[in-house]
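Asks: This structure is in structure tokens; I'll ask about it shortly.
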Amino acid sequence: MLPLSGSQPVTVIHRLHPLTKIGCATAVTGLALALNRPMALSPLLAGLLLVMLLGRIRLASRLLLGLLAICALVAAGSLWASGDPSEAARYGLRLLIVAATIPISASTTAAHDLVHGLARLRLPQGLLMAVLVAWRFFPVIADQLRRISEARLLRGGHCRFGAWHRQLMLPLAAITIDHADRVALALEGRGFDVNAKRTWYRPPTFHFRDVMSCVATAAVLMAAVVLEWR
Amino acid sequence: MSLPKFSTREYVFAALVVAAQLVISSILIPITLPLRIPGLANTINAPFSSCLLVIGLARLRKPGSMLLMALIYALLCLLISPVIFSFILCGGLLGEAVGTFGFRGYRSPRAQIASVVAHQMGMFPAAMLFSFLFTPARFVKPVAWAWLVAEVAIATTSLLGALAGIRIVRELVRAGKLRIEA
């Protein structure tokens, strides 16, 4: 699942600071990997499902079924290996929690919001600009790759295994270099300097809702820890 | 955090190499994932990624170039999952360590190939450690052997991709498309 290319914030989850979402997802993932009792893992899963409901995150039925099938397969494999239903539930739930964190950030955060959020971490400006350029040019390069493939088919060529680099990678590299030259020239022509200090038009700031979501995440984590060592 | 001084051109070039890498990965990885074979996604993706990374390193050449490309890729994947971010960063750090400390930069094709292969191989053990948390204790030993085989497969396909990348760089230089500083 790739992040949003651009969206209007519609729910409270969309309006959260990107670093809040990433931080909470990291904490939940980390704790899910450390906990062993299925009972302790269940509040984490319940919390993630609640966030998905609040964020109106809908997964495609094929994706959801595939994910559930993989988790069931892991749980069944564990049950067969250990004969312990508790261990099977542990591995199945762990995987489900790690997978459930993926769509929360990816489908509620636009790439430019992430970059604005990362600007607060004082990462090099050039690196942030490069992340944005890579994201913006993803559809362009994908389109060019499709054209390369169509052109090859029009010429009646079939991709020979030994010639993949000449038939696919060479034109792709040439197109990438062309784009890079043009974009760099356009940026330099507009006076862009990666080493100059940069300001942001609308940097995302931490709000009360971010504090509240951190508190709610901490409460869920505490509940899970208490259930683990009760 | 300080990366070596890269120019706007170099950042843009690195970004577009990563965009091409992301396009290829977004096509190949979803095809391989349902098969659930350890390391298959990396093995299939490695030749294409390595080829593009070698082209990137041949153009950038400065120490830190591998880390720069890995960081751009990792930051884009941060939204998908912090776990994927950590895999890619691990690979990037290993590749950069090989290139910078082993070869003092990416001037020679040997340094470019070694760094790219190390990068591809470095990503898999991080994923492997993560996968151990989903593997029942009884299966850890046989699965460890499967992972060793997967690592060899990744190294092989990555090496093939990197060698293809070197050939592409030579052709692009001959055609005047790629300027490489002496």
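Asks: Conditions: (1) free of Cβ contacts under 8 Å to residues at least 60 places away in the same chain; (2) more than 27 Å from B:L28 (Cβ to Cβ). A:A72 meets all but one. Number of the miss?
Replies: Unmet condition: (2).
Asks: If you don't mind, there's one more thing I want to ask. Starting from the range B:163-177, take each residue that is more than 7 Å from every other protein chain (Cβ to nearest Cβ) and within 15 Å of B:L53 (Cα to Cα) and list its partners that are in a helix (DSSP H, G or I) and not aliphatic (A, V, I, L, M), counting only C-beta distances under 6 angstrom and pairs at least six apart or across chains.
Replies: From residues that are more than 7 Å from every other protein chain (Cβ to nearest Cβ) and within 15 Å of B:L53 (Cα to Cα), the pairs are B:G165/B:C51; B:I166/B:P109.
Asks: For the range A:186-204, what are the residues that are touching a helix residue (DSSP H, G or I) at 6+ places or on another chain (Cβ under 8 Å) and not in a loop (DSSP other than H, G, I, E, B)?
Replies: Of everything in the range A:186-204, those that are touching a helix residue (DSSP H, G or I) at 6+ places or on another chain (Cβ under 8 Å) and not in a loop (DSSP other than H, G, I, E, B) turn out to be A:L187, A:E188.
Asks: Something else about it: The conditions are (1) in contact (Cβ under 8 Å) with a residue 24 or more places away in the chain; (2) outside any helix (DSSP H, G or I); (3) at the interface with chain B (Cβ under 7 Å from one of its Cβ atoms), and A:T108 fails exactly one of them. Which is it?
Replies: The number of the failed condition is (3).
Asks: Further, regarding this structure: Does A:L41 fit the bill of being over 20 Å from the mean Cα position of the chain (by Cα) and buried (at least 21 other Cβ atoms within 10 Å of the Cβ)?
Replies: Judged against the criteria, A:L41 is a match.
Asks: Just the residues that are assigned to a helix (DSSP H, G or I) and either of a type in the set (F, W, Y) or surrounded by fewer than 19 Cβ atoms within 10 Å (Cβ to Cβ) (or both), please, taken from the range B:94-113.
Replies: B:A97, B:F101, B:G102, B:F103, B:P109, B:R110
Asks: Follow-up question, since we're still on this one. For the range A:75-105, name all the residues that are at the interface with another protein chain (Cβ under 9 Å from one of its Cβ atoms) and of a type in the set (K, R).
Replies: A:R94
Asks: Give the residues of the range A:168-180 that are buried (at least 16 other Cβ atoms within 10 Å of the Cβ) and farther than 16 Å from B:L163 by Cβ, sorted by residue number.
Replies: Correct list: A:P171, A:L172, A:A174, A:I175, A:T176, A:I177, A:H179, A:A180.
Asks: Restricting the search to the range A:192-214, which residues are within 21 Å of B:R9 (Cα to Cα) and loosely packed, with under 12 Cβ neighbours inside 10 Å?
Replies: A:A196, A:K197, A:T199
Values in this text are rule-based calculations from the coordinates and carry no lab data. Quantities reported herein were computed from a predicted structural model and do not represent experimental measurements. Positions of Cβ are backbone-derived with ideal geometry, glycine not excepted, and every protein chain shown enters the neighbour counts.
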